[in-house]
């Protein structure tokens, strides 16, 4: 039996995806990104960003996204990953994470993928830890007063060493 999550396609986002990305972002996060920030992030480097799309009868449905940008010294930052509320728990988050890391690995200019996560976000934290991210540091004021975050890091292996990341 094929599950919905097994039929999903992962691809780079387009400008036409921005309204759907913003809706998912708003449903996932208390402090969502303004539309102009999402647009500029994608225009700056959409080649490291990924959307999850389910095939539909009339049109495809965007069900999740991962925004990754290049940092300095071989470091990429996964700055946001979210799945539509009606698709959570179906494997889309893991698929987006795996594909995002794979894209960074394929580009060959990234040694590590970094991200921040609210230590109280148990499901996201478990996803990242199960994938292989490790705690780098904890900061009680990462985004200001009463905004703690843990910084997690995933070290990429060289292509051919272990295969597809997160497996």
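Some notes on this structure:
- Taking region 82-96 as the range and being touching a helix residue (DSSP H, G or I) at 6+ places or on another chain (Cβ under 9 Å) and in contact (Cβ under 8 Å) with a residue 40 or more places away in the chain as the test, the residues that pass are 82, 83, 84, 85, 87, 90, 91, 92, 94, 95.
- Test: residue in region 10-18 that is farther than 26 Å from residue 121 by Cα, touching a residue at least 24 places away in the same chain (Cβ under 8 Å), part of a strand (DSSP E or B) and under 15 Å from the mean Cα position of the chain (by Cα): yes
- Condition met for residue 153 (touching a helix residue (DSSP H, G or I) at 6+ places or on another chain (Cβ under 7 Å), surrounded by 13 or more Cβ atoms within 10 Å (Cβ to Cβ), under 24 Å from residue 72 (Cβ atoms) and modelled with pLDDT of 90 or more): no
- Failed item in (1) more than 20 Å from residue 27 (Cα to Cα); (2) under 14 Å from the mean Cα position of the chain (by Cα); (3) buried (at least 19 other Cβ atoms within 10 Å of the Cβ), with residue 93 passing the rest: (1)
- Screening region 19-37 for residues that are out of contact with any strand residue (DSSP E or B) (no Cβ under 8 Å at 6 or more places or on another chain) and in a helix (DSSP H, G or I) and picking the one that is surrounded by the most Cβ atoms within 10 Å (Cβ to Cβ) gives 22.
- Checking 113, 51 one by one, the residue that is more than 24 Å from residue 148 (Cβ to Cβ), modelled with pLDDT of 95 or more and within 14 Å of the chain's Cα centre (by Cα) is 51 and no other.
The values are calculated or read from the model by the stated rules, or taken from the named source; none is laboratory data. Just so it is clear, the structure is predicted and the values come from calculations on it, not from any experiment. Here Cβ is always computed from backbone atoms with ideal geometry, including for glycine, and neighbour counts include all displayed protein chains.
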